[in-house]
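The values are calculated or read from the model by the stated rules, or taken from the named source; none is laboratory data. This is a predicted model, so every value here is computed, not measured. Glycine also receives a Cβ, built like all others from the backbone with ideal geometry; neighbour counts cover every protein chain displayed. Quick note on the areas: whole protein, heavy atoms, side chains included, nothing else; ligands and nucleic acids left out. Shrake-Rupley method; radii C 1.70, N 1.55, O 1.52, S 1.80 Å.
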There are 2 protein chains.
Amino acid sequence: MDHNQFKTAAHSAIDDKDWAQIQEDVDTKIKPGLTHWQSPNFMAYYPACVTYPSILGEMYSATFTAPAFNWLCSPACTEMETIIMDWVAKSLALPECFRSTSETRGGGVIQNSASDAIATIIVAARERRVRELLLAEGLKEGTPEYEDRKFDVQAKLVAIASDQTHSSGAKGALIAGTRFRSVTTRLEDNMEMTGPRLREVLEKCDKDGLTPYHITLTFGTTNTCSVDRFAEIKAVLQEKPAWQHIWVHIDAAYAGASLVADEWQYIAKNFAEGVDSFNMNMHKWLLVNFDASVLFVRNRLDLTSALDITPTYLRNPYSESGSVIDYRNWCISLGRRFRALKIWFVIRSYGLNGMKAHIRKSIGLGDTFAGLVRGRSDLFEIVTKPGFGLTVFRVRSPQGASNGAGGSSDRVVKDEVANDLTKKISELVNTRGEIFITSTVVDGVCVIRVISANALAEEKYIRNAFDVIVRTTEEVLQEQK
Amino acid sequence: MDHNQFKTAAHSAIDDKDWAQIQEDVDTKIKPGLTHWQSPNFMAYYPACVTYPSILGEMYSATFTAPAFNWLCSPACTEMETIIMDWVAKSLALPECFRSTSETRGGGVIQNSASDAIATIIVAARERRVRELLLAEGLKEGTPEYEDRKFDVQAKLVAIASDQTHSSGAKGALIAGTRFRSVTTRLEDNMEMTGPRLREVLEKCDKDGLTPYHITLTFGTTNTCSVDRFAEIKAVLQEKPAWQHIWVHIDAAYAGASLVADEWQYIAKNFAEGVDSFNMNMHKWLLVNFDASVLFVRNRLDLTSALDITPTYLRNPYSESGSVIDYRNWCISLGRRFRALKIWFVIRSYGLNGMKAHIRKSIGLGDTFAGLVRGRSDLFEIVTKPGFGLTVFRVRSPQGASNGAGGSSDRVVKDEVANDLTKKISELVNTRGEIFITSTVVDGVCVIRVISANALAEEKYIRNAFDVIVRTTEEVLQEQK
């Protein structure tokens, strides 16, 4: 490509005067309407980090624009994605089976978001289960009988998740056109999906003549960062032959990032057996800007068997030979951006040690904040086990009704007064705009979530946030006296 | 946000020495592996333009990272998207119903790719049709009877497209878990979907007890840029009450860009009645880099009724009041990038006139190339009507068997010798790497597609491409003598 020509062509489209006007509009019309996710005072949802190397990666990706729907469209895009996904799998200490070099034909792919990853996986799971059932019935693919029976069988399929699973679980089942059942969680189980609760749902499905085909387990739920009980659940899934065919997916969208730090890698050992796929979002906590949702599968043929519809205009000798990867058959989108580039830039710039340091710092800040909350047990109580940087707590009812005398009980119970107070204080804090936090409801209990884990997070900000919440709480309690 | 802090944090992650090493690797390891879509010698597939304003938009979007899954997450992202989509609808002269201000509650949304847009639309169409059928049966939403019947009804649904429709039509039906039937096209109809051919498919569905619920019509097919016969097809869809409920989608991924030019806007009049949705990719021909796939619907409730699953942690007073748009319910992804920004930058920089000029230039280059092909009717013959910058032709069999004496017939017929020659020459041209073109097969005829429509395209390149193809053809014919 001739760079001088490009310069000329671009100059005819945009000159310095034009740009000055656009920049002014960005400053005066856009910036005031942004929610500042990169501010150290942003402590809502989960973080969505951005860093300089990542911005450069995005810019280069745009410059190299090539909608890499197959290998031939831009070999470097595909090849680097394969290499980078193997790096990421290794950095997260994921079991060998999720690498492109594995015996199980595993591999990773960059998806737009966890929602896309999970919808993709649910479709792949549906296709795999239907095919197994129809082949077991002796039907032959491509026949009219196969097609008719396929949709009858599909009508009985059920995807499963817990009531704490991200909404993408239910949305994925909806997109795939199948039923969905959720496993109830409870505060006394720390909002974790348990084996016995799952068994109840599976048995109910069996009783209703339905076929569970997919389950999403979560490592770090959206509400409280709880971790489903993997070992217990996997044991339940071994109890009946039909249950052994359920596609097990691990959604580690946020907390999966912690796996870069050695002390958390023991968790990944759970995924070595009995798990079909795993996703996490580097664009949450791992310093790469949105979007960089990485999805790993144990057997890539599960994806390509479900999603490959290759028309003539996409046929080429390289793809036909099976020697190259065409990532369009690993996801819903056909075209794709060169997102491996920004992951590469971030890994190269921060190094694995820099990434570990970032994760450890965030977890430390979370521990500090949880400690501050505990120190004011007159005002607040922790609702679920704090972890991975997140603290989930509520404002105590001044009557102290929620927890018996002195609020010393370990068990948080529903309390409408505390719920109203917590919601009111949370909304007041956000309205004032000094910090930004999220409130939610778990098992009927209204809670505040605080997490400070972006690139600019520091202890002074988390301490200030605590002061803001205390001040607002005292003010509201005073008014109510 | 404190910019100095950000600078410090970033500097700790990347210094000039690090960057020099990364840049060297980009130059030596990445660039040689890229397919240069921006080169003026790139004439394959359809273009995937990138321009400076667009690159800046992508960079700012990354800098402002906010996974805008609802309005509150970053109001500017959502509000600008609504404004920009209305601008785009107006620029393309789409009927009023597709704007956010319309009486039908229409509106536009930026999707990742046409594949995502079409999968989303097919799911929405499925949900709308099933609901209509179940409510007509007197069933009540939320009951077990409704759920059971829902999946029985769904098992009979069929999505329809032509055999020239982009593969995303079939993939969308597959993702949605429904059947798919395609309408055959023929060279004698210029590969356009016709009313009579569609009627045959619809009647066959009726006969088989199946329920067509969605059809994708194409304005500019992937193979030959043919345009389905909208008026004729819409008339057929009026013939039976059940057919009137079919969701009609227009896929104008590539050719839709031509609607910015006044002389093509008459085509958009076809979409005023009887069309539910329309998508086009600004990232193909309209100077915005991938991804900027714009989708417009006549009634946004069709999307949100299908896709809205709002959990507690996403509830907020703004969304609850219905006064703001939450685009997550308009697509499969939850999080979204701030893509309206790059569209805005491009529209501001080029102006509508600059965009019109780009489209007209590309169409002119296409006319020039088609003229060159016609001028060598001893070697080549045009296979489908050239248009929107694309020329589809094949190499004549030296025996002249394909077209009677002198090759003067208008009708192209299948010819294995011509097929082999065309394929061989196309592959040889690509192997040599001076230009990059695509070959494909239409109605059994192997063809070469040439299109030169990126930002750097110029007449001298298209003339050179023709010379390269002529030279290679003569060389191959010589060898075969």
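Side notes on the structure shown:
- Failed criterion for residue A:59 (all others in (1) at pLDDT 95 or above; (2) open to solvent by 20 Å² or more (accessible area, probe 1.4 Å); (3) more than 28 Å from residue B:253 (Cβ to Cβ) hold): (3)
- Members of region B:360-385 that are among the hydrophobic types (A, V, I, L, M, F, W, C) and out of contact with any Phe, Trp or Tyr (no Cβ under 7 Å at 6 or more places or on another chain): B:365, B:370, B:379
- Verdict on residue B:308 being open to solvent by 10 Å² or more (accessible area, probe 1.4 Å), over 18 Å from the mean Cα position of the chain (by Cα) and in the same structural domain as residue B:469 (by TED's automatic domain parsing): no
- Which numbered condition residue B:275 fails, given (1) modelled with pLDDT of 95 or more; (2) within 14 Å of chain A (Cβ to nearest Cβ); (3) closer than 24 Å to residue B:122 by Cβ: (2)
- Scanning region A:190-203 for residues that are surrounded by 23 or more Cβ atoms within 10 Å (Cβ to Cβ) and in a helix (DSSP H, G or I) yields A:198, A:202.
- Criterion applied to B:296, B:345 was being in contact with a helix residue (DSSP H, G or I) (Cβ under 6 Å, 6 or more places away or on another chain) and over 22 Å from residue B:118 (Cβ atoms), and the one residue passing it is B:345.
- Test: residue in region B:326-349 that is of a type in the set (D, E, K, R), outside the structural domain of residue B:86 (by TED's automatic domain parsing) and surrounded by fewer than 21 Cβ atoms within 10 Å (Cβ to Cβ): yes
- Selection status of residue B:123, crowded, with 20+ Cβ neighbours inside 10 Å and away from chain A (no Cβ under 12 Å): no
Listed here are the residues, each with its yes/no results for (1) closer than 15 Å to residue B:252 by Cα; (2) among the small types (Gly, Ala, Ser).
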position: B:76; (1), (2): no, yes
position: B:91; (1), (2): yes, yes
position: B:101; (1), (2): no, no
position: B:105; (1), (2): no, no
position: B:114; (1), (2): yes, yes
position: B:117; (1), (2): yes, yes
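- Subset of region B:269-292 (residues that are among the aromatic types (Phe, Trp, Tyr) and under 30 Å from residue B:245 (Cα atoms)): B:271, B:278
- Any chance residue B:104 is within 20 Å of residue B:214 (Cα to Cα), open to solvent by 10 Å² or more (accessible area, probe 1.4 Å) and either of a type outside the set (Asp, Glu) or not in a loop (DSSP other than H, G, I, E, B) (or both): yes
- Just one residue in the set A:132, A:141 is more than 9 Å from chain B (Cβ to nearest Cβ), at pLDDT below 95, touching a helix residue (DSSP H, G or I) at 6+ places or on another chain (Cβ under 9 Å) and not in a strand (DSSP E or B); that residue is A:141.
- Pairs meeting the criteria (first residue in region B:124-146 and in contact (Cβ under 8 Å) with a residue 60 or more places away in the chain and closer than 16 Å to residue B:157 by Cβ, second residue surrounded by fewer than 16 Cβ atoms within 10 Å (Cβ to Cβ) and of a type in the set (D, E, K, R), beta carbons under 8 Å, at least 6 apart or on different chains) are B:131/B:141.
Let's see how each residue does on (1) modelled with pLDDT of 95 or more; (2) among the small types (Gly, Ala, Ser); (3) open to solvent by less than 80 Å² (accessible area, probe 1.4 Å); (4) part of a loop (DSSP other than H, G, I, E, B):
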| position | (1), (2), (3), (4) |
| --- | --- |
| A:374 | yes, no, no, no |
| A:381 | yes, no, yes, no |
| A:394 | yes, no, yes, no |
| A:398 | no, no, no, yes |
| A:410 | no, no, no, yes |
| A:414 | no, no, no, yes |
| A:425 | yes, no, yes, no |
| A:434 | yes, no, no, yes |
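- Yes/no for residue A:449 being among the charged types (D, E, K, R) and more than 14 Å from chain B (Cβ to nearest Cβ): no
- Selection from region A:372-382 of residues that are over 20 Å from residue A:362 (Cβ atoms) and aliphatic (A, V, I, L, M): A:379
- Considered as a group, the residues in region B:58-72 that are over 21 Å from residue A:58 (Cα atoms) and in a helix (DSSP H, G or I) include one that is nearest to the chain's Cα centre (by Cα), and that residue is B:71.
- Leading residue by the ranking (farthest from residue B:151 (Cα to Cα)) among those in region A:163-189 that are more than 12 Å from chain B (Cβ to nearest Cβ) and crowded, with 20+ Cβ neighbours inside 10 Å: A:185
- The residue of region A:124-152 that is nearest to residue A:216 (Cα to Cα), among those that are among the aliphatic types (A, V, I, L, M) and within 30 Å of the chain's Cα centre (by Cα), is A:125.
- Note on region B:456-467: residues that are under 19 Å from residue B:286 (Cβ atoms) and either surrounded by 24 or more Cβ atoms within 10 Å (Cβ to Cβ) or not assigned by TED's automatic domain parsing to the domain that holds residue B:423 (or both) total 1.
- Some residue of region B:147-157 being touching a Gly at 6+ places or on another chain (Cβ under 9 Å), part of a helix (DSSP H, G or I) and at the interface with chain A (Cβ under 9 Å from one of its Cβ atoms): yes
- When restricted to residues that are on the phi > 0 side of the Ramachandran plot and surrounded by 23 or more Cβ atoms within 10 Å (Cβ to Cβ), region A:436-455 contains 0.
To keep it simple, each residue is scored yes or no on (1) hydrophobic (A, V, I, L, M, F, W, C); (2) within 19 Å of residue A:95 (Cα to Cα).
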{"site": "A:222", "(1), (2)": "no, no"}
{"site": "A:227", "(1), (2)": "yes, yes"}
{"site": "A:238", "(1), (2)": "no, no"}
{"site": "A:243", "(1), (2)": "yes, no"}
{"site": "A:246", "(1), (2)": "yes, no"}
{"site": "A:249", "(1), (2)": "no, yes"}
{"site": "A:259", "(1), (2)": "yes, yes"}
{"site": "A:262", "(1), (2)": "no, yes"}
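- Selected residue [buried (at least 20 other Cβ atoms within 10 Å of the Cβ), β-branched (Val, Ile, Thr) and part of a helix (DSSP H, G or I)] from B:109, B:88: B:88
Yes/no matrix, rows are residues, columns are (1) touching a Cys at 6+ places or on another chain (Cβ under 6 Å); (2) of a type outside the set (A, V, I, L, M, F, W, C); (3) more than 26 Å from residue B:458 (Cβ to Cβ); (4) at the interface with chain A (Cβ under 8 Å from one of its Cβ atoms):
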| site | (1), (2), (3), (4) |
| --- | --- |
| B:23 | no, yes, yes, no |
| B:48 | no, no, no, yes |
| B:54 | no, yes, no, yes |
| B:69 | no, no, yes, no |
| B:77 | no, no, yes, yes |
| B:106 | yes, yes, yes, no |
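- Residues of region A:20-54 satisfying the condition of being over 30 Å from residue B:18 (Cα atoms) and in contact with a Ser or Thr (Cβ under 8 Å, 6 or more places away or on another chain): A:22, A:33, A:34, A:35, A:43, A:44, A:45
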